[in-house]
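Working notes, structure below.
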Amino acid sequence: MVPVLVFAAISLVTLGGAIAVVTNKNILHSAYFLVLAFVGVASVYVLLEAPFIAVIQVLIYIGAIAILIIFAIMLTRRLMSKDMEERNQQWIWAALGALLLFGVLGWLVYNANWPVIEAAVPKEPITLMGEELLSTYVVPFEIASVLLLAALVGSILIGREKDQESRSAE
Amino acid sequence: MSIPLSWFLVLAAALFSIGLYGVLSRRNAIGILMGIELMLNAVNINLVAFWRYIDPVKMTGQIFALFVFTVAAAEVAVGLALVIAIYRNRDTVVVEEIDLLKE
């Protein structure tokens, strides 16, 4: 009974935060609700007995991505004033499409036959994960590091202020 | 475990649909990025739930979740750099006004 209540509370926080993210008129408040939704998702990982993923969620999503988004909003904020319409004209179709997708996914989840097994979590999951990362998954692991490097270089290149000469030439 | 797997999957499906609505309905480019982040989180819930309920002995699900984290971090860094570059050049973050290819 207790896990069910905990799951209900976590789902409420996560989905409530997510709905506030997509419907809030003030984009900065949306970003704050995004943090709430991320906390909810981190709690879901704890409930799934994956504490390492929960910690990574807090570190990367809340500590880096949400803060980066808040920074970007504050740098570009002046334009989205309060009286400006936040959603476009096709929002009703977007809502219908999202509801339809949820219906289809829910139907699939309900009707699929999942091969669930009852097994305990490994005793030292982080050690096991490290071993698998450096044996079975070593190629994707290395590619991920290349991807991060490319993203680092690319975002500096794109976001960098142009020097004076090239700007006056435009 | 008293919570069935399908509950987590339905939660992730709801989160994904909400994120999709955000992507399709927002006018602010940063709002669209936030919707994408919600969708990636929903995918990660699915991966970790499948790991816990279907194959908890191997760590495959959690490792895939880690790769999704990596891709999400790279995506948001490049995305926000693009938004700021466009803001600097065109003075707007409203996606309907960013129609360079249409002109």
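Read-outs throughout are calculated quantities, based only on the coordinates presented, and are distinct from any laboratory measurement. These figures come from a predicted structure and were not determined experimentally. Backbone-built Cβ (ideal geometry, glycine too); neighbour counts: all protein chains shown.
Right, A:A18: farther than 30 Å from A:G130 by Cα and not hydroxyl-bearing (S, T, Y) or not? So A:A18 passes the test. Take the conditions (1) within 7 Å of another protein chain (Cβ to nearest Cβ); (2) without any contact (Cβ under 8 Å) to a residue 12 or more places away in the chain; (3) not charged (D, E, K, R); A:V121 misses just one of them, which is (2).
Only a single criterion out of (1) part of a helix (DSSP H, G or I); (2) among the acidic types (D, E); (3) more than 7 Å from chain A (Cβ to nearest Cβ) is not satisfied by B:E96, namely (3).
Yes/no per residue for (1) at the interface with chain B (Cβ under 8 Å from one of its Cβ atoms); (2) under 25 Å from B:D55 (Cβ atoms); (3) not charged (D, E, K, R):
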| site | (1), (2), (3) |
| --- | --- |
| A:L12 | no, no, yes |
| A:V21 | yes, no, yes |
| A:E49 | yes, yes, no |
| A:A54 | no, yes, yes |
| A:I60 | yes, yes, yes |
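Any residue at all in segment A:15-24 that's farther than 12 Å from B:M34 by Cβ and touching a residue at least 60 places away in the same chain (Cβ under 8 Å)? Within segment A:15-24 (the criterion being farther than 12 Å from B:M34 by Cβ and touching a residue at least 60 places away in the same chain (Cβ under 8 Å)), the answer is no, since none of the residues qualifies. For segment B:88-102, filtering for residues that are touching a residue at least 12 places away in the same chain (Cβ under 8 Å) and either over 20 Å from A:R160 (Cα atoms) or in contact with a Phe, Trp or Tyr (Cβ under 6 Å, 6 or more places away or on another chain) (or both) leaves 4.
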